[in-house]
Structures are given as C-alpha cells and as structure tokens.
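Right, one structure below, let's go through it.
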C-alpha cells in the first residue's frame, strides 16, 4: 500500500465515520511504527502502553519484519493469493509489495474494521486492479469470504494465504479465535497457508499491557496467550519449521529486533 503517513505531528485529517475520541488499535500500531495517521486519543493510549512495555515500538517493528519474511516465504512457494485480515494502516513493505517480488501477478485483499484504515488504503490501491480493501471484522468470516472483491480477486479453487498478523490477540476467548481460523481455512484447498503472530503471555509485561488497553478504552482489548494456546489456534494445520517461535526467531535474516513479546507461526493446510 505504499507510504500513507500524511500527518505532520498534529492530528490526522478527519475521516467521516471515524471516532477520533476512542483509541483505535490500528492507529496505535501506526503510532508505534512512527506513523502520523493517528489522533490525540491514540497517542495518549499508546504512550500508556509504552509505560507498561517500553520496548513496544521495537516489538511493532519486529512484528512487521516477521510479516515480510513470512510473505516472502509463502510467495516463494508459488502462492499468489493473499487475504490479510486486520491489515492496519498502510506503511512500507505491505503484503502486495512483498509478494510481488517473486509473484508479479499476486492478488491481495486487505480487510480491516477501522474506517480510517479503509479510507487510506483505498486511496492507495485505487488504480491497482489486483488489490482491494474491504471493511469488515475478523469475526465475520462468511461476510469476508462472500465479499464481491474477494470473489473477484481470490480463486478459492487454488491455494490462498490467510494472514492473522497481530489481530487474534484482540479477540477474547468467548469469540473462539481457533474456530474463526478454521472457518476461514476450511473452504480453502490443500496447500493454503496461514501466517500468524500473537502477543505472548510468557512476556511478563504483556498482562499489564493488556490491562492498559482495557483501561484506556481502546477499540479492542489485548489478550496475550501461551505458546500452547497459540499452537491450538492452528489445530488441523501443519506448522512449518521452525514452529511456533518468538518474533525474531522465525527464519531471521539477521539484525532483527530481539523480542519474546509475541509468538509467530506459518502453517500449511495438508491434504
């Protein structure tokens, strides 16, 4: 999606339908990455998270680097269809840009429930016929898979890569994130892949971070989970080497930010 950082240190331009007074997890993530598409409420909430987890900006960068390494891996296997759930605000090195390094005709559908994300992303992919952005929630798999843009760009008769990067930890257990993953993957053929990253419960500060998200009334809570719990989200899939590992340990290039604050995995649908 390119570089969509358009602010100048003041509040981002108002977007119709956006509640600027409620912190958004997508805009907070944008702030952690050094972007300017955020409001005062987002910055205040993000700074509260920084107090609880001073390394959070490095964690955000490590998560972004993992996404790029994982997409390069999957595209290198020949997959050229990607469904990015909870994409967040555009920044450098987005899925379609990385995938097209090895798959020039790669098709990507981005999904987010934040109208500000959708407005910015649509402006950037307006002339790209092989990329689309739709506004929907991860808890609406049937709506997402039935969307006209998904039907236009994604051929579910061929393998698809579904990304859940830093999104499932915003779902409480009662939303049954493992069942949601299955509902996205079940209609897809063998050879489809899932890319996942998730806040780690083993990181001693993450419980406090989750409490901070709740106390700041962010648009979603943060629920850190253990390695076993994250592994269970991929039940029925074959987790590729090196397995469920910290952010910096998934096939590093070297020079990655060292962080145990998140789990990462790439899994393949067998058959």
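The values are calculated or read from the model by the stated rules, or taken from the named source; none is laboratory data. A quick note: this is a predicted structure, and the numbers were derived from the prediction, not measured. Cβ placement follows ideal geometry from the backbone for every residue including glycine, while neighbour counts extend to all protein chains displayed.
Considered as a group, the residues in the range 19-36 that are touching a helix residue (DSSP H, G or I) at 6+ places or on another chain (Cβ under 7 Å) and part of a helix (DSSP H, G or I) include one that is surrounded by the most Cβ atoms within 10 Å (Cβ to Cβ), and that residue is 27. Quick check: anything in the range 176-198 at pLDDT below 95, crowded, with 20+ Cβ neighbours inside 10 Å and either outside any helix (DSSP H, G or I) or on the phi > 0 side of the Ramachandran plot (or both)? No, there is no match, as no residue in the range 176-198 is at pLDDT below 95, crowded, with 20+ Cβ neighbours inside 10 Å and either outside any helix (DSSP H, G or I) or on the phi > 0 side of the Ramachandran plot (or both). Residue pairs whose Cβ atoms lie under 7 Å apart, sitting 6 or more positions apart in sequence or on different chains, and linking a residue in the range 255-271 that is surrounded by fewer than 20 Cβ atoms within 10 Å (Cβ to Cβ) to a partner that is part of a strand (DSSP E or B) and modelled with pLDDT under 95, are 260/200. May I ask you to verify whether residue 61 is surrounded by fewer than 19 Cβ atoms within 10 Å (Cβ to Cβ), in contact (Cβ under 8 Å) with a residue 12 or more places away in the chain and within 22 Å of residue 95 (Cα to Cα)? Judged against the criteria, residue 61 is a match. Against the criterion of being part of a loop (DSSP other than H, G, I, E, B), within 15 Å of the chain's Cα centre (by Cα) and crowded, with 21+ Cβ neighbours inside 10 Å, residue 91 does not qualify.
Do we have residue 46 as in contact (Cβ under 8 Å) with a residue 60 or more places away in the chain and either surrounded by 20 or more Cβ atoms within 10 Å (Cβ to Cβ) or not in a strand (DSSP E or B) (or both) here? For residue 46, the condition - in contact (Cβ under 8 Å) with a residue 60 or more places away in the chain and either surrounded by 20 or more Cβ atoms within 10 Å (Cβ to Cβ) or not in a strand (DSSP E or B) (or both) - is not met. Name the residues in the range 120-137 that are touching a residue at least 12 places away in the same chain (Cβ under 8 Å), surrounded by 14 or more Cβ atoms within 10 Å (Cβ to Cβ) and out of contact with any helix residue (DSSP H, G or I) (no Cβ under 6 Å at 6 or more places or on another chain), would you? 120, 121, 123, 124, 125, 130, 137 - these are the residues of the range 120-137 that are touching a residue at least 12 places away in the same chain (Cβ under 8 Å), surrounded by 14 or more Cβ atoms within 10 Å (Cβ to Cβ) and out of contact with any helix residue (DSSP H, G or I) (no Cβ under 6 Å at 6 or more places or on another chain).
Condition check ((1) in contact with a helix residue (DSSP H, G or I) (Cβ under 9 Å, 6 or more places away or on another chain); (2) within 22 Å of residue 244 (Cα to Cα)) across all residues:
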| residue | (1), (2) |
| --- | --- |
| 38 | yes, no |
| 44 | no, no |
| 73 | no, yes |
| 106 | yes, no |
| 139 | yes, no |
| 152 | no, no |
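Of the residues in the range 129-148, at least one is assigned to a helix (DSSP H, G or I), at pLDDT 95 or above and touching a strand residue (DSSP E or B) at 6+ places or on another chain (Cβ under 8 Å). Just one residue in the set 97, 101 is surrounded by fewer than 18 Cβ atoms within 10 Å (Cβ to Cβ), within 20 Å of residue 128 (Cβ to Cβ) and touching a residue at least 60 places away in the same chain (Cβ under 8 Å); that residue is 97. Taking the conditions (1) in contact with a helix residue (DSSP H, G or I) (Cβ under 8 Å, 6 or more places away or on another chain); (2) over 17 Å from residue 82 (Cβ atoms); (3) at pLDDT 95 or above in turn, residue 205 satisfies each one other than (3).
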